[in-house]
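Working notes, beginning with the structure itself.
The values are calculated or read from the model by the stated rules, or taken from the named source; none is laboratory data. Quick caveat, the model's predicted, so the values are computed rather than measured. Note: ideal-geometry Cβ built from the backbone for every residue, glycine included; neighbour counts use all protein chains shown.
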Amino acid sequence: MDAKVFLVEDEQSIITLIEYNLKKEGFKFSVSSNGEEALHEIKEQEPDLVLLDWMLPDLSGIDICRSLKKDKKFQDLPIIMLTAKGQEEDKVAALNAGADDYITKPFGHAELVARINALLRRSKPRVAEDKAVYEDLVIDRIQRKVFRNKTQIDLGPTEYRMLDFFIKNPKRVYSRDQLLTNVWSDNINVEIRTVDVHIRRLRKAINLDGTKELIRTVRSAGYSLD
């Protein structure tokens, strides 16, 4: 099941960028640049998560957030506030209004997707568990299929488990021992260098022509999805 993300934003350049990136990641996407309209559309569409700009021409993002959180039906709706305001008191105001997270503009695409996925895992685990997305890589856990740039990739069972483990915490570096514990948990007799063999197989499988390297080697530390 694809998560539905609703964006409330009045800057067209930001709308275009977020829409492109989220759709590429497999999210369903809706947008409104008007606060009053956004409130109506959110209540009608019931998205899984809202990205909410602070500065809007009519209602502020803070007002929209408070209004949604006062409605019992939407008290648990995950909201990420997007704003150029970066002072601590601004972050506190957003969180006190009911926002679940806060991202200061400008922000990177990878950070935004990671924040969305982290919040969905906590608040709507069913949505997050069915499909995992990082950059142009998608894991469909229902069908146990992996896609990159919408091209299906064939992985062995160990490589699949390893990739699924990495994608739960992108950018985090895992040592070989940690990978053995989490990916080969049922077999304590596996040699530590076996991890390197499966990393090479995973890299070869997911590095399609024209795509960038996603598995990073950190010398003397381990590996990460980055």
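Kindly check whether there is at least one residue in region 182-198 that is more than 30 Å from Leu82 (Cβ to Cβ), surrounded by fewer than 13 Cβ atoms within 10 Å (Cβ to Cβ) and either under 16 Å from the mean Cα position of the chain (by Cα) or touching a residue at least 24 places away in the same chain (Cβ under 8 Å) (or both).
Checked against the condition, which is being more than 30 Å from Leu82 (Cβ to Cβ), surrounded by fewer than 13 Cβ atoms within 10 Å (Cβ to Cβ) and either under 16 Å from the mean Cα position of the chain (by Cα) or touching a residue at least 24 places away in the same chain (Cβ under 8 Å) (or both), region 182-198 yields no hits at all.
Confirm whether Leu82 is out of contact with any Ser or Thr (no Cβ under 7 Å at 6 or more places or on another chain) and in contact (Cβ under 8 Å) with a residue 24 or more places away in the chain.
Working: out of contact with any Ser or Thr (no Cβ under 7 Å at 6 or more places or on another chain): yes; in contact (Cβ under 8 Å) with a residue 24 or more places away in the chain: yes.
When the stated conditions are applied, Leu82 passes them.
Determine whether Gln152 is closer than 15 Å to Arg203 by Cα, assigned by TED's automatic domain parsing to the domain that holds Ile199 and not small (Gly, Ala, Ser).
Yes.
Return the residues of region 138-174 that are of a type in the set (Asp, Glu) and more than 29 Å from Arg219 (Cα to Cα); say none if nothing qualifies.
Listed by number, the list holds a single entry, Asp140.
For region 175-200, give me each residue that is modelled with pLDDT of 95 or more and closer than 29 Å to Gly108 by Cα.
Residues satisfying the conditions are Ile199, Arg200.
Out of region 186-217, which residues are outside any helix (DSSP H, G or I), out of contact with any strand residue (DSSP E or B) (no Cβ under 8 Å at 6 or more places or on another chain) and not polar (S, T, N, Q)?
Asp186, Ile188, Val190, Glu191, Ile192, Arg193, Asp209, Gly210, Lys212, Glu213
Quick grid of which residues meet (1) closer than 17 Å to Ile116 by Cβ; (2) polar (S, T, N, Q):
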{"position": "Gln12", "(1), (2)": "no, yes"}
{"position": "Thr16", "(1), (2)": "no, yes"}
{"position": "Lys24", "(1), (2)": "yes, no"}
{"position": "Asp58", "(1), (2)": "no, no"}
{"position": "Cys65", "(1), (2)": "yes, no"}
{"position": "Glu88", "(1), (2)": "no, no"}
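Working only within region 16-29, note down all residues that are surrounded by 16 or more Cβ atoms within 10 Å (Cβ to Cβ) and either modelled with pLDDT of 95 or more or out of contact with any Leu (no Cβ under 7 Å at 6 or more places or on another chain) (or both).
Glu19, Asn21, Leu22, Lys24, Glu25, Gly26, Phe27
With Ala118, Ala110, Ala132 as the choices, which residue is within 13 Å of the chain's Cα centre (by Cα) and part of a strand (DSSP E or B)?
Exactly one residue qualifies, and that residue is Ala132.
Within region 128-136, identify whether any single residue is surrounded by fewer than 19 Cβ atoms within 10 Å (Cβ to Cβ) and modelled with pLDDT under 85, and answer yes or no.
Yes, region 128-136 contains a residue that is surrounded by fewer than 19 Cβ atoms within 10 Å (Cβ to Cβ) and modelled with pLDDT under 85.
Quick check on region 199-221: of everything there that is among the hydroxyl-bearing types (Ser, Thr, Tyr) and farther than 24 Å from Lys145 by Cα, which residue is surrounded by the fewest Cβ atoms within 10 Å (Cβ to Cβ)?
Taking region 199-221 first, the residues among the hydroxyl-bearing types (Ser, Thr, Tyr) are 211, 217, 220.
Checking which are farther than 24 Å from Lys145 by Cα leaves us with 217, 220.
On the way: Thr217: 14, Ser220: 5.
Step by step, filter region 199-221, then rank; the result is Ser220.
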